[in-house]
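Scroll down for the structure; my scribbles are underneath it.
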Amino acid sequence: MRKLLLNLHLWAGLIAALFLLILGVSGALVAFEDEIDRALNPGLSYVQPHAQPLTLDAISKKLLTAYPGAKIEEFGLPQRSDFSLFVALKDTSGKNLRLFVNPYIGEVLGSADQANHFASKVHQFHTHLLIGEIADEVTGWSAVFLFVLSITGIILWWPRKLFRLRWNFSEENGGSTKRFNFELHNFVGILSSIVLLIFAWTAICIHWEREVGKLAQRMSSLPEVRLASPQIPLPGSTPLSPDRLIEIAHNTLPEARIMAIDLPRNAKQSATVALKFPEDHTPLGRSRMNIDAYSGKVLHAQSSRDMSAAVKYARMWNRELHTGDIFNLPTRILAAFFSLMLPVLAITGPLIWWNRRRATRGEPSTSRTRLPSLPTEANVTTN
């Protein structure tokens, strides 16, 4: 059984090594995606706070004056007094404009076309390798391989419980680069095994998110809710203002913070409001509300506080665990740190295999000091 697990661990590591290296480095950056994005785009992200921001209605008038005939489709509300307001609109030519606006004076700071999209590209690279559906499957199955590696690694480590790292490479003191590489792989592997197991499991759930969501729904024995359609407005009717829609959402879920509002593109659509409770750590929260943009009737309100534990895990906690958002900054730092352990394991693991392969063939060692034979798990422990 041990030999079987060792071979399983070996081949899973060799197959997934390159992808795990890439996912580890990019994952560490994604843990601080928002901070990186704002640091690279300070002129679009930050404003000088004033006494009171303008209403969305006042900002809308200023924007429609600057872009005659345009239609505002979305507001992303600032979550700090020094953050800019995000506005998405479509001009008369059908072009989508994504603008960053000073919420205190209504001044357009710039558009997304002018922004540095490094953080966004890293995120897309981490999730889809920037090449679409096939790469999406690769990342999903890389998570499966990482899950297997984490479990087999713990099982293989357990009998000997090797937990040391000697930095002395001299042959006289029993050291060598091969031995250091082997001990480094064991040390880092067991140190990060539980966190990497969590990374793997949560990544699997994210990749097969739809299936996990359906399973959580069935486990909760909750009926599937169908969104009611808004009433067709009478000719000449005008939709409610964004400020009025936000007021309705706030009155319905007063303890939740309004994160964003999507305005209806046509009379058959409802306005969608994203809300976030203080205990939620996903970027936009997981509470949603659909409001008839003409009558103001709340068509559907989904509060994260009313979700069952299974649904809440599938929609919130799983992603928060994966990104490290679960306890804010401390867990994001830990997530970034252990993400960087993946490249270490992805390099040291294949090196162990390569050194043993060369030793089996009788080729010269790649270490700086030559030993009669490669250190096996047994003699590393006894030495």
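Tabulated values for the structure
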| item | result |
| --- | --- |
| Matching option when the condition is under 19 Å from Ser111 (Cβ atoms), surrounded by fewer than 19 Cβ atoms within 10 Å (Cβ to Cβ) and either within 25 Å of the chain's Cα centre (by Cα) or not hydrophobic (A, V, I, L, M, F, W, C) (or both), among Ala66, Ala88 | Ala88 |
| Residues of the stretch 15-49 classified as exposed (fewer than 15 other Cβ atoms within 10 Å of the Cβ) and part of a helix (DSSP H, G or I), total | 8 |
| Flag for Arg218 being buried (at least 16 other Cβ atoms within 10 Å of the Cβ) and either at pLDDT 90 or above or under 28 Å from the mean Cα position of the chain (by Cα) (or both) | no |
| Lone qualifier among Thr331, Thr348, Thr282, Thr252 - being in contact with a strand residue (DSSP E or B) (Cβ under 8 Å, 6 or more places away or on another chain) and within 27 Å of Ile22 (Cβ to Cβ) | Thr282 |
| Thr360 at pLDDT below 95, in a loop (DSSP other than H, G, I, E, B) and among the β-branched types (Val, Ile, Thr) | no |
| Matching residues in the stretch 84-109 - criterion: being in contact with a strand residue (DSSP E or B) (Cβ under 8 Å, 6 or more places away or on another chain), farther than 14 Å from Asn41 by Cα and β-branched (Val, Ile, Thr) | Val87, Val108 |
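The values are calculated or read from the model by the stated rules, or taken from the named source; none is laboratory data. Since the structure is predicted, the reported quantities are computational estimates derived from the model, not experimental observations. Every residue, glycine as well, gets a Cβ built from its backbone with ideal geometry; the counts of neighbours run over all protein chains shown.
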